[in-house]
1. When you look at T52, is it closer than 23 Å to E98 by Cα and at pLDDT 95 or above, yes or no?
2. Would you say E65 is acidic (D, E) and either on the phi > 0 side of the Ramachandran plot or surrounded by fewer than 18 Cβ atoms within 10 Å (Cβ to Cβ) (or both)?
3. Name the residues in the stretch 15-31 that are touching a Phe, Trp or Tyr at 6+ places or on another chain (Cβ under 7 Å), part of a strand (DSSP E or B) and either open to solvent by 40 Å² or more (accessible area, probe 1.4 Å) or farther than 20 Å from R99 by Cα (or both), would you?
4. Can you confirm whether F34 is open to solvent by 60 Å² or more (accessible area, probe 1.4 Å) and either under 13 Å from the mean Cα position of the chain (by Cα) or more than 27 Å from G132 (Cβ to Cβ) (or both)?
5. Mind checking which pairs have a first residue in the stretch 65-76 that is under 16 Å from T15 (Cα atoms) and of a type in the set (A, V, I, L, M) and a second that is assigned to a strand (DSSP E or B) and open to solvent by less than 10 Å² (accessible area, probe 1.4 Å), Cβ under 9 Å, 6 or more apart or different chains?
6. What number of residues within the stretch 100-123 satisfy the criterion of being closer than 25 Å to G5 by Cα, open to solvent by 60 Å² or more (accessible area, probe 1.4 Å) and under 17 Å from the mean Cα position of the chain (by Cα)?
7. If the Cβ limit is 7 Å and pairs must be 6+ apart or interchain, which residue in the stretch 1-21 that is without any contact (Cβ under 8 Å) to a residue 40 or more places away in the chain and more than 11 Å from L75 (Cα to Cα) pairs with which residue that is open to solvent by 40 Å² or more (accessible area, probe 1.4 Å) and in a strand (DSSP E or B)?
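The values are calculated or read from the model by the stated rules, or taken from the named source; none is laboratory data. Keep in mind it's a predicted model, so treat the numbers as computed, not measured. Every residue, glycine among them, receives a Cβ derived from its backbone with ideal geometry; neighbour counts consider all protein chains shown. Accessible surface is based on the protein model in full, side chains and every heavy atom, while ligands, DNA and RNA are left aside. Shrake-Rupley method; radii C 1.70, N 1.55, O 1.52, S 1.80 Å.
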Amino acid sequence: FLDEGHKTAQNILKTKAFTVAIADQAHMAAADYFGIVSGHKVPDKFVRSGFTAVKSSHVNAPVIEEFPLVMECELADVLKKGSFFCVVGQIVNTAAEERVLDAEGKVDVMKLNALVYDTFRHGYYVCSEKVGQAFKEGAALKDN
């Protein structure tokens, strides 16, 4: 969910496009900075963060070059609830740095070192251990 008053939200509604960048541990401070500083109050927040924004070649939205994984999306729908709204996008391109890919060219979560935000403790964590296989772990329960 986004707050409709945020500059990011207004830009999404205006351009009908957005990007989703997956922040990694190496860029945690700057990624956190983006979440705590308003573009309305600090118009040069990209400069202050040290990040580089370039226009996507697939959608009308910026791509942050420093993040290892970016999904470029066209706005498909907006779901409103009070002053918050949720954007639904159709991914038209995914760009990943080679260093986060496996031998088959797929994103390797272990190499990505993606940040996960814990809303209960307000902490950042990284995913680094596979603990099961999706669509197999619960298979035995189907027969009960």
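1. Values: closer than 23 Å to E98 by Cα: yes; at pLDDT 95 or above: no.
So T52 fails the test.
2. Numbers: acidic (D, E): yes; either on the phi > 0 side of the Ramachandran plot or surrounded by fewer than 18 Cβ atoms within 10 Å (Cβ to Cβ) (or both): yes.
So E65 fits the description; yes.
3. I22
4. It is false that F34 is open to solvent by 60 Å² or more (accessible area, probe 1.4 Å) and either under 13 Å from the mean Cα position of the chain (by Cα) or more than 27 Å from G132 (Cβ to Cβ) (or both).
5. L75/A17
6. Qualifying residue count for the region: 3.
7. T8/L2
Residues checked against (1) assigned to a strand (DSSP E or B); (2) under 23 Å from Q25 (Cβ atoms):
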site: V88; (1), (2): yes, no
site: I91; (1), (2): yes, no
site: T94; (1), (2): yes, yes
site: M110; (1), (2): no, yes
site: Y117; (1), (2): yes, yes
site: Y124; (1), (2): yes, yes
